[in-house]
Amino acid sequence: MTITFAGLLSVAWRLFRRDRALVVSLAAPFVFLPAFAALLLCDPLPPLPPAPRDEIMMRAWLAAVGQWGQANALFYVVADLIAVYGIAAIALLLLDPDRLTVGQALGQALARLWSFALVTLAVAVPVGLGMWLLVLPGLYVQARLIAALPALARHPALRAAPALRLSWRMTRGRDWAITGALVTLFLAQWVAVSPLLLADEALRAPGRGDPVLLALVDALLALVPAIYSVATVLVGVVVYRVGASRGS
């Protein structure tokens, strides 16, 4: 049977509907809330200068970004680490044949957090480079490595490098279908986030701040990527299950 990107998304959606209470109970406090808190507590990233080819302006911008990183990077690192913890717990819940409780999934995710964080970082670096070069290469790399975290969740003895190799093998021949699913999710995220970013920038302008409205916009800016993260782990779980069932 040929797997399609629409089929992947359909199965992932059914998986979410079946276990939505468990997924939301983990995604809300561990994926959404830390990102929302970081947006509220941290200064916004300095905007690109209006003349990016001006060397002096670019140097000033890079210096400002460096200062911003020193003051705010730790908040985002902690938020990302908590999100990895929540995503790992979701994968454990969905893949464990004994149907773990939420508490058991959180305990196992905490005990193996280093392995999950290492796999997440190993995926994020090439995906980020691909996104920087052009969006599609980044999404293709993400598609090839999407089953690594689910594989790690399913096999406690598996290490990061073998999990990445296993994912690459499992996605062979299904790479473009998975990429199509990720492109669909990415475009949906982009459509939702783009106007929110403009609203956030406008609300942070001097003399135009409405703290209640700004908090609402920031909540949505945290919610949309959280939904994308949960959706990608659901697709990863489906891809892993398909690969495992076919002996990949």
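When the solvent-accessible area of the chain is split by element, carbon and sulfur atoms take up 70 percent of it, the probe being 1.4 Å.
Take the alpha carbon gyration tensor of the range 167-230, find the square roots of its eigenvalues, order them as a ≥ b ≥ c, and report rounded if a/c is under 1.5; if not, report prolate when a/b exceeds b/c, else oblate. Prolate shape, in that a/c is at least 1.5 and a/b is the bigger ratio.
Taking packing as the residue-averaged number of other Cβ atoms within 10 angstrom, the listed peptides 20-27, 232-239, 33-40 run from highest to lowest as 232-239, 33-40, 20-27.
Residue-wise HN-Hα couplings along the range 186-191, as the Karplus relation 6.51 cos²θ - 1.76 cosθ + 1.60 with θ = phi - 60° gives them from phi, are 5, 5, 4, 5, 4, 4 Hz; Gly and Pro carry x. In order along the range 117-125, phi translates into HN-Hα couplings of 5, 5, 5, 4, 5, 5, 7, 5, 5 Hz, rounded to whole numbers, per the Karplus curve 6.51 cos²θ - 1.76 cosθ + 1.60 with θ = phi - 60° and x for Gly and Pro.
Solvent exposure of the chain amounts to 55 Å² per residue of accessible area, where only protein heavy atoms count and the probe is 1.4 Å.
The values are calculated or read from the model by the stated rules, or taken from the named source; none is laboratory data. Predicted, not measured: the structure shown is a model, and the values here were computed from it. Note that we place each Cβ from the backbone using ideal geometry, even for glycine, and neighbour counts take in every protein chain shown. For the accessible areas, the whole protein counts, side chains as well, though only heavy atoms, and no ligand, DNA or RNA atoms are used. Shrake-Rupley method; radii C 1.70, N 1.55, O 1.52, S 1.80 Å.
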